[in-house]
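Q: So that we are looking at the same thing, I have put the structure below in structure tokens.
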Amino acid sequence: MTHKVHPKIYRIGERKDWESKGFYENNFAGYLKEDHEIRKILKKFLREMSVEKMEIERSLDEISIIIYSSRPGLIIGRGGEGVKILKKKIENQLRSLSKDKKNVRLEIKEVKDPWLSSSLVAQDIARQLEKRLPYRKVVKQAMHKIVMHKEVKGVRIQVSGRLNGIEIARSEYFQEGQLKRETIRGNVDYGFEMARCPYGAIGVKVFIYKGEVF
């Protein structure tokens with residue numbers, strides 16, 4: 001038997017960095033809980049806004065939250081109203097968890113090409129599966145759009161669950177090109193999303209291989 005290792009965790013310290021960083025020494029457990037609650041709020045309110053990832057940076061008196069999205073305009077809103085609402089919700093949640101007052105700073109960054117982001121591709125596939133579209137057609141269309149980019153050397157998409165609503169759940173994957181997951185040099189972008197369908201949940205895993213980094 002082998003252990004399944006998350007491709008990003010496998011590369012932390014070599015090719016990837018943590019998504020939460022800063023001053024955690026004084027109250028590690030409390031700050032970790034705050035980070036979890038912040039991410040929970042953001043995922044809930046930004047579910048349909050194509051968010052790739054969220055980075056949290058802590059200083060002594062400020063929490064900086066950087067949101068990467070392919071649709072930044074939807075998050076910002078008219079005159080920055082969306083950012084103000086999100087900031088207020090986060091500040092209220094932090095007050096309920098801790099007495100320490102900290103400034104919250106939100107920054108929205110644009111993801112220029114969503115088809116190079118495994119997380120955004122997984123979200124797109126999951127949304128289409130929730131609309132009951134055939135999984136083979138959805139996956140093959142996504143793979144075609146990904147492989148068209150010169151940076152991409154290979155792609156693998158795996159779907160697991162009651163595919164097309166059949167009674168017996170199973171896993172099926174589609175792969176094109178090469179995919180080196182066993183070496184730290186391999187620049188593998190990994191994304192996962194869950195499709196909540198009427199007949200059950202379907203897991204979507206996307207691996208995009210962009211060559212080796214020396």
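The values are calculated or read from the model by the stated rules, or taken from the named source; none is laboratory data. All values reported here derive from a predicted model rather than from experimental measurement. Methodologically, a virtual Cβ is constructed for each residue, glycine included, from the backbone with ideal geometry; neighbour enumeration extends over all protein chains shown.
Q: Does I65 satisfy the criteria of being touching a Leu at 6+ places or on another chain (Cβ under 6 Å) and more than 20 Å from A122 (Cβ to Cβ)?
A: Against the criterion (touching a Leu at 6+ places or on another chain (Cβ under 6 Å) and more than 20 Å from A122 (Cβ to Cβ)), I65 qualifies.
Here is a yes/no grid of residues against (1) modelled with pLDDT under 85; (2) buried (at least 17 other Cβ atoms within 10 Å of the Cβ); (3) in a helix (DSSP H, G or I):
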{"residue": "H3", "(1), (2), (3)": "yes, no, no"}
{"residue": "Y10", "(1), (2), (3)": "yes, yes, yes"}
{"residue": "W18", "(1), (2), (3)": "no, no, no"}
{"residue": "E34", "(1), (2), (3)": "no, yes, yes"}
{"residue": "L42", "(1), (2), (3)": "no, yes, yes"}
{"residue": "E52", "(1), (2), (3)": "no, yes, no"}
{"residue": "E55", "(1), (2), (3)": "no, no, no"}
{"residue": "I63", "(1), (2), (3)": "no, yes, no"}
{"residue": "Y68", "(1), (2), (3)": "no, yes, no"}
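Q: Among the numbered conditions (1) surrounded by fewer than 17 Cβ atoms within 10 Å (Cβ to Cβ); (2) part of a helix (DSSP H, G or I), tell me where Y24 comes up short.
A: Among (1) surrounded by fewer than 17 Cβ atoms within 10 Å (Cβ to Cβ); (2) part of a helix (DSSP H, G or I), the lone unmet condition for Y24 is (2).
Q: For A201, state whether it is hydrophobic (A, V, I, L, M, F, W, C) and surrounded by 15 or more Cβ atoms within 10 Å (Cβ to Cβ).
A: Spelling it out, it is not the case that A201 is hydrophobic (A, V, I, L, M, F, W, C) and surrounded by 15 or more Cβ atoms within 10 Å (Cβ to Cβ).
The rows are residues; the columns are (1) in contact with a Lys or Arg (Cβ under 7 Å, 6 or more places away or on another chain); (2) crowded, with 19+ Cβ neighbours inside 10 Å; (3) in a helix (DSSP H, G or I); (4) of a type in the set (G, A, S).
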site: K84; (1), (2), (3), (4): no, no, yes, no
site: K89; (1), (2), (3), (4): no, no, yes, no
site: K101; (1), (2), (3), (4): no, no, no, no
site: R105; (1), (2), (3), (4): no, no, no, no
site: I108; (1), (2), (3), (4): no, yes, no, no
site: D124; (1), (2), (3), (4): no, yes, yes, no
site: R127; (1), (2), (3), (4): no, no, yes, no
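Q: Can you tell me which residues in the stretch 172-204 are under 18 Å from K4 (Cβ atoms), in a strand (DSSP E or B) and under 21 Å from the mean Cα position of the chain (by Cα)?
A: Y173, Q175, G186, V188, D189, Y190, G191, F192, E193, M194, G203, V204
Q: Pull out all pairs, ordered by first then second residue, where Cβ-Cβ is under 8 Å, the residues are six or more apart or on different chains, the first lies in the stretch 102-123 and is modelled with pLDDT of 90 or more, and the second is part of a loop (DSSP other than H, G, I, E, B) and hydrophobic (A, V, I, L, M, F, W, C).
A: Filtered contacts from the stretch 102-123: W115/M148; L116/V152; S117/V111; L120/V111.
Q: How about the stretch 86-118: which of its residues are of a type in the set (A, V, I, L, M, F, W, C) and under 22 Å from the mean Cα position of the chain (by Cα)?
A: L86, I90, V104, L106, I108, V111, W115, L116
Q: Counting just the residues of the stretch 205-214 that are surrounded by 13 or more Cβ atoms within 10 Å (Cβ to Cβ) and more than 17 Å from the chain's Cα centre (by Cα), which one comes out modelled with the lowest pLDDT?
A: Looking at residues that are surrounded by 13 or more Cβ atoms within 10 Å (Cβ to Cβ) and more than 17 Å from the chain's Cα centre (by Cα), I get G211.
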